[in-house]
Every structure is written in C-alpha cells, then in structure tokens.
Amino acid sequence: QVQLAESGGGLVQPGGSLSLSCAASGCIRRLYRMAWYRQVPGNSRERVAVITSANRTDYSDSVRGRFAISMDSAKNTVYLQMNSLRPEDTGVYYCYGLFTGDYYWGQGSQVTVSS
C-alpha cells in the first residue's frame, strides 16, 4: 500500500499564487509518474499536470504557462506551483501516483480563486 498526503491549497484572489505538495509513503517499489487532477462539482476529474520519473512534464491547455509541476524523487514528493490563478481554476485538486502494482489518489485539496 502507498499513501499520498497532500498539503497546501486555500483561498486566493484572482492573479495570485498557491502551491500544493503531495508526499508518497508506504510500500514504494518504483514510482512511474505523478500528476495533479482537478475536479469541480458535476464534472469528472481533469488532469492538469503530469510528471514522469524521467522528469518529463505535460500540462493541460488551460494551465500551460501558469502552473509548474516538479518532483523530488528522493522524497517521493510532487509539487504544483500555481500562478496567475483564475476563478475557473477553482476546484478540488487531487494528487495521483502510479507505482509498481497500482495507482493511488491523495485526499484532495480545495483551491478557491475568488475576490
């Protein structure tokens, strides 16, 4: 079993910045990739950023150029720096990790962008 513990998020005004982090712990044999998903009520989860164990990254069109995903492999921790936030970035952000044997989700972190 692997546990993903998220931290960060909160309330910010439009144009502001927030950061999220997600630390993996437990029985980790190999980490393949980690990602951040966003979900708003009534919609399915949307992947906004992904990073592989080789540090290759990809972003959804809606956040490219504003968000940055990074990973500290030694700590099995992934980060999401969110800049120039917009009201439409509001949602619950979930950390995702693909490891040997299975994938796992974090508990979710609320991000609210509002004036």
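Between residue 44 and residue 100, the contour length at 0.36 nm per residue exceeds the alpha carbon distance by 17.6 nm. Take every DSSP beta bridge with both residues inside the chain and express the antiparallel ones as a percent of the total, to the nearest 5. That works out to approximately 95 percent antiparallel.
Shown for the chain: cysteine residues without a partner Cβ closer than 4.7 Å, namely 27.
Please give the per residue accessible area of the chain, computed with a probe of 1.4 Å over protein heavy atoms only, in Å².
With all protein chains present, the chain gives 53 Å² per residue.
Loop-located trypsin sites (Lys or Arg not before Pro) across the range 7-48 with a Cβ neighbour count of 14 or fewer within 10 Å are 29, 30, with loop assigned by DSSP.
Give me the percent of accessible area attributable to carbon and sulfur for the range 1-92, probe 1.4 angstrom.
Roughly 46 percent of what the probe reaches on the range 1-92 is carbon or sulfur.
The values are calculated or read from the model by the stated rules, or taken from the named source; none is laboratory data. Predicted model, so just to flag it, every value in this text is computed and none were measured. Note: ideal-geometry Cβ built from the backbone for every residue, glycine included; neighbour counts use all protein chains shown. Remember, those area values only see protein heavy atoms, side chains included, never the ligands or the DNA or RNA. Shrake-Rupley method; radii C 1.70, N 1.55, O 1.52, S 1.80 Å.
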